[in-house]
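So the structure is just underneath, and the comments pick up after that.
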Amino acid sequence: MAESRYGKYIVTELKTPNFPQEFVAAYARFATRILWMDSSVVEGAFQMNCSWYLKPSTHGAEAHQHDVDEIIGFFGSDPQHPYDLGGEIEIWLEDEKHVITRTAMLFVPAGMKHCPLFIRRVDRPIFHFSTVTGGRYIQKK
């Protein structure tokens, strides 16, 4: 973005933490990460990740928790049927399995164990985001 007083708050290119190469390669097999924001990208920002899920995967996030709240979203990509997810996501909240087949946002309170997350079916791309209210995405196993 052009240098200006407030241009530093606009992110148009993917800048992620230094993830291990194996993690980046595994993620790329089923998803395309679009943008990442946290306090290392924009000073003072909370963390947000946006991706397109393109293929099923059983290698999703493992069970973990955060010291801060998180919101996780899954959106179908058919504008004529915005609540039809066009796929199936399995996610665990504490010891409960949830199967999501409709566009959804999940609120995960600080300290709640969540995941694993499995992408069981993808009929058309699924837009995914996650955001934590802290400046960095920190998992506690």
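The values are calculated or read from the model by the stated rules, or taken from the named source; none is laboratory data. Since the model is a prediction, treat every value here as computed from it, not as a measurement. Cβ atoms come from the backbone with ideal geometry, glycine included; neighbour counts cover every protein chain shown.
Annotations
- Within segment 49-67, if we keep just the residues that are at pLDDT below 95 and among the aliphatic types (A, V, I, L, M), the residue that is nearest to Thr101 (Cα to Cα) turns out to be Ala61.
- Boolean, Glu43 is over 26 Å from Gly111 (Cα atoms) and surrounded by fewer than 16 Cβ atoms within 10 Å (Cβ to Cβ): no
- Thr133, sole failed condition from (1) surrounded by 13 or more Cβ atoms within 10 Å (Cβ to Cβ); (2) under 19 Å from Ser51 (Cβ atoms): (2)
- If the condition is being in contact with a Gly (Cβ under 9 Å, 6 or more places away or on another chain) and within 14 Å of Leu106 (Cβ to Cβ), then segment 71-88 contributes Phe74, Leu85.
- So Val68, is it under 20 Å from Gly134 (Cβ atoms) and aliphatic (A, V, I, L, M): yes
- Sole exception among (1) farther than 23 Å from Ala26 by Cβ; (2) assigned to a strand (DSSP E or B) for Pro116, by number: (1)
- Scope segment 103-123; condition over 15 Å from the mean Cα position of the chain (by Cα) and exposed (fewer than 13 other Cβ atoms within 10 Å of the Cβ); matching residues: Pro109, Gly111
- Of all residues in segment 27-56 being of a type outside the set (Asp, Glu) and farther than 23 Å from Ser77 by Cα, the one that is farthest from the chain's Cα centre (by Cα): Gly44
- Where strands (runs of 3 or more DSSP E) sit wholly within segment 1-108, those with at least 3 residues that are in contact (Cβ under 8 Å) with a residue 24 or more places away in the chain and not aliphatic (A, V, I, L, M) occupy 47-53, 70-75, 84-93.
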